[in-house]
Amino acid sequence: MIAKRSKSVQIGSLTLANPVMPASGAFGPEMHEVMDFNELGALVPKSITKDPRPGNKTPRVCETSGGMINSIGIQSKGLPYYIEHVLPEYGTYRAPLISSISADSIEEFCEMSEILGSHKDVDAIELNISCPNLKGDGLAFGMDADVTYDLMKRVRKVTDVPLIAKLTPNVTSIQDIAIAAEKGGADALTVANTLLAMSIDINT
Ligand SMILES: Cc1cc2nc3c(=O)[nH]c(=O)nc-3n(C[C@H](O)[C@H](O)[C@H](O)COP(=O)(O)O)c2cc1C
């Protein structure tokens, strides 16, 4: 007889029934029409920003011979809308909710994490550190190990919920960034956000 093995996963203090969870931005609430959300290990909505953002101009996706390129620019209705409309909708499911957040500065990451970390429907926070540090050098937070450490350390101080650092693959040594995130207080890592890409038609 084959023993049934547990598929459960531990992320800090949070236990997931299984390790399957959607990638932020590639999965919306309308997906409940094609699958049972309660079968998932966790739900991860699209990244939210503090203030509303229009995102990039269309077209935002481009099909290529090697796959798909996207440039959405984190379209967001802002944190108050998210709290009022998005969280209650996701909160109706049994699967834990991991809020994905993007911010322009470490202060903004802290502010959002403190608010979301104290919300009853938020079980963990995924920090999208692949977005640009506009108060710093404009590079993604997750491109610099020191910035990543500082960011995680400061967010860790404002909330007790499990923290996941979503790394950018657009670095020379992702190991250094991963170690910095862990030392700063990340309970888990998401590996990884989208690769920078360009599509060139060599005939035209
Ligand atoms: C249309 C689209 C929107 C995305 N939006 C977000 C987002 O809001 N936040 C985020 O952290 N990642 C976002 N991503 C990145 C995905 O969550 C994922 O990390 C990426 O597609 C790489 O996953 P893969 O290696 O399985 O392809 C987006 C990706 C796509 C294709």
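The values are calculated or read from the model by the stated rules, or taken from the named source; none is laboratory data. Predicted, not measured: the structure shown is a model, and the values here were computed from it. For neighbour counting, all protein chains shown are included, and Cβ atoms are generated from backbone atoms with ideal geometry for every residue, glycine included. The protein model used for the area step is the full one, side chains on, heavy atoms only, and it has no ligands, DNA or RNA in it. Shrake-Rupley method; radii C 1.70, N 1.55, O 1.52, S 1.80 Å.
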remark   = The number of residues in segment 18-32 that are free of Cβ contacts under 8 Å to residues at least 40 places away in the same chain, of a type in the set (A, V, I, L, M) and more than 8 Å from the ligand (Cβ to nearest atom) is 2
query = Does LYS120 count as more than 23 Å from GLY142 (Cα to Cα), free of Cβ contacts under 8 Å to residues at least 12 places away in the same chain, open to solvent by 40 Å² or more (accessible area, probe 1.4 Å) and among the basic types (Lys, Arg)?
reply = no
query = For segment 2-22, how many residues are open to solvent by less than 60 Å² (accessible area, probe 1.4 Å) and either touching a helix residue (DSSP H, G or I) at 6+ places or on another chain (Cβ under 6 Å) or among the aliphatic types (A, V, I, L, M) (or both)?
reply = 4
query = Going by the conditions given, is LEU189 under 26 Å from PRO80 (Cα atoms), of a type outside the set (D, E, K, R) and in contact with a helix residue (DSSP H, G or I) (Cβ under 8 Å, 6 or more places away or on another chain)?
reply = no
note = Over segment 78-94, the set of residues in contact with an Asp or Glu (Cβ under 8 Å, 6 or more places away or on another chain) and either under 13 Å from THR49 (Cβ atoms) or crowded, with 18+ Cβ neighbours inside 10 Å (or both) is GLY78, LEU79, LEU87, TYR90
key: Identity of the residue in segment 95-112, within 15 Å of the ligand (Cβ to nearest atom) and in a helix (DSSP H, G or I), that ends up surrounded by the fewest Cβ atoms within 10 Å (Cβ to Cβ)   = MET112
query = From the residues in segment 171-197 that are over 16 Å from the mean Cα position of the chain (by Cα) and among the polar types (S, T, N, Q), which one is least open to solvent (accessible area, probe 1.4 Å)?
reply = SER173
task = Select, from SER130, SER65, the only residue that is among the small types (Gly, Ala, Ser) and buried (at least 19 other Cβ atoms within 10 Å of the Cβ).
result = SER130
query = So is LYS50 within 23 Å of ASP104 (Cα to Cα), crowded, with 16+ Cβ neighbours inside 10 Å, of a type in the set (Lys, Arg) and more than 10 Å from the ligand (Cβ to nearest atom) or not?
reply = yes
